[in-house]
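The values are calculated or read from the model by the stated rules, or taken from the named source; none is laboratory data. Predicted model, so just to flag it, every value in this text is computed and none were measured. Don't worry about glycine lacking a Cβ; one is built from the backbone with ideal geometry, like all the others, and counts go over all protein chains shown. Ligands, DNA and RNA are stripped out before the accessible areas are found, and what is left, the full protein with its side chains, is counted by its heavy atoms. Shrake-Rupley method; radii C 1.70, N 1.55, O 1.52, S 1.80 Å.
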Amino acid sequence: MTLAANSGTSFSSTANRATSRRRRSASTSTLAISLVTLAALIALWFLAAHFEWASPLFLPSPAEVLTQFSAVWVDGYANGTLLEHTLASLGRIAAALSVGVFLGIPLGLLMGLNRWVKGIFSVPIDLYWGLPPLAYLPLLIIWLGIGETSKIVLLSLSTFAPICFAAQAGVRSVPVERINAALSLGASRLQLFTSIILPSALPEIMTGLKIAIGAGLSTLVAAELIAAQSGLGYMIMSAANFLATDVVFVGLIVIAVLAFAFTSGMRWLEHRLIPWKGKI
């Protein structure tokens, strides 16, 4: 009997190691494909600029963009250096994400647990979430002025809804059998929430955070295009007004790098908080 149990355990351990190796191999292959794709896109950009498939005014070469990157970093552009514009944009998006997380997650969890809370808050959130953020930006400027407050409120509204809805969906996705099993074992309401509901909702919450980051970045650039004196969007608009396409490319590349950094950070956070995702 012991031999059979040991054999079963050994077989399970071997199977888990094989599965882990396959996942690592697949991840490495995906990374290699992504790097090759990125290299191909950069090579295509070099070719397009070298053979002047488009006017240099509209498509500067990578060398020109790199030179301009160094110039904007050192000398600045549109009343600020590249670092200052980047920090201004990061500060706004960080403030908005903080509001979305600290308000959206608790409210979403409550909406998933209580039908009264859901009935009260779902309608107003649905109504404003259906509107493009730039549609009510003028109203926020009238109410709150052209300073930082209106921008942060706008960004907070764009990040709040997806986080809130994701938390609500996470609660609704908890299997009833798991809740009943915990109750039958004598779990209290607090234990049920901390040990069953919240961990089960975390995958949905992390997905909502990813969506919120994308919505926040797109809204951030749009807001800075209209009403700002600093930030990457403001720098891009200022450069576009003077047909400084290379500076526009610098701003776009920095935004793309920031988006990639946020996405990589979310993947790392998922690995730390919900290592079981995709394995069960």
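Given bins 5 angstrom wide, list per bin the percent of all Cα-Cα distances in segment 163-280, short to long.
Reading the bins upward from 0: 2, 10, 14, 15, 13, 10, 8, 8, 6, 5, 4, 2, 1, 0.
If only Cα atoms are counted, what is the Rg of the chain, and what is its Dmax, in Å?
Answer for the chain, Rg first and Dmax second: 24.3, 81 Å.
Leaving out ligands and nucleic acids, and using a 1.4 Å probe, what accessible area per residue does the chain come to in Å²? Let's see the in-between values first.
Details: 16550 Å² over 280 residues.
Accessible surface, normalised per residue, equals 59 Å².
So if R0 is 30 Å, what FRET efficiency would residue 257 and residue 129 give, r being the distance between their Cβ atoms, rounded to the nearest 0.05? Walk me through the numbers before you get to the answer.
On the way: r = 28 Å, r/R0 = 0.94.
Here the calculated transfer efficiency is 0.60.
Along Cα→Cβ, 7 Å out, is where each label goes; now give me the distance between the ones at residue 229 and residue 113 in nm to one decimal.
In this crude spin-label approximation the distance works out to 4.5 nm.
Between residue 273 and residue 38, what length in nm is gained on full extension when 0.36 nm per residue of separation is reduced by their alpha carbon distance?
Full extension from residue 273 to residue 38 adds 81.6 nm.
Quick check: at a probe of 1.4 Å, how many percent of the accessible area of the chain sits on carbon and sulfur atoms? Numbers along the way, then the final one.
Working: 11610 of 16550 Å².
The value for the chain is 70 percent carbon and sulfur by accessible area.
Can you tell me the dipole magnitude for the chain around its Cα centre, using point charges on the Cβ only (Lys, Arg +1; Asp, Glu -1), in Debye to the nearest 20? Spell out each step's value before the answer.
On the way: 17 positive and 11 negative charges, 329 e Å.
It works out to roughly 1580 debye.
Within segment 168-257, report the chymotrypsin sites (Phe, Trp or Tyr not before Pro) that DSSP leaves as loop and that have at most 16 other Cβ atoms within 10 Å.
On the way: sites: 193, 234, 242, 249; in loops: 242.
Answer in residue order: 242.
Considering only 94, 244, 40, give the residue with the highest GNM mean-square fluctuation for the chain, with springs between Cα atoms whenever their separation is below 10 Å.
Largest GNM mean-square fluctuation: 40.
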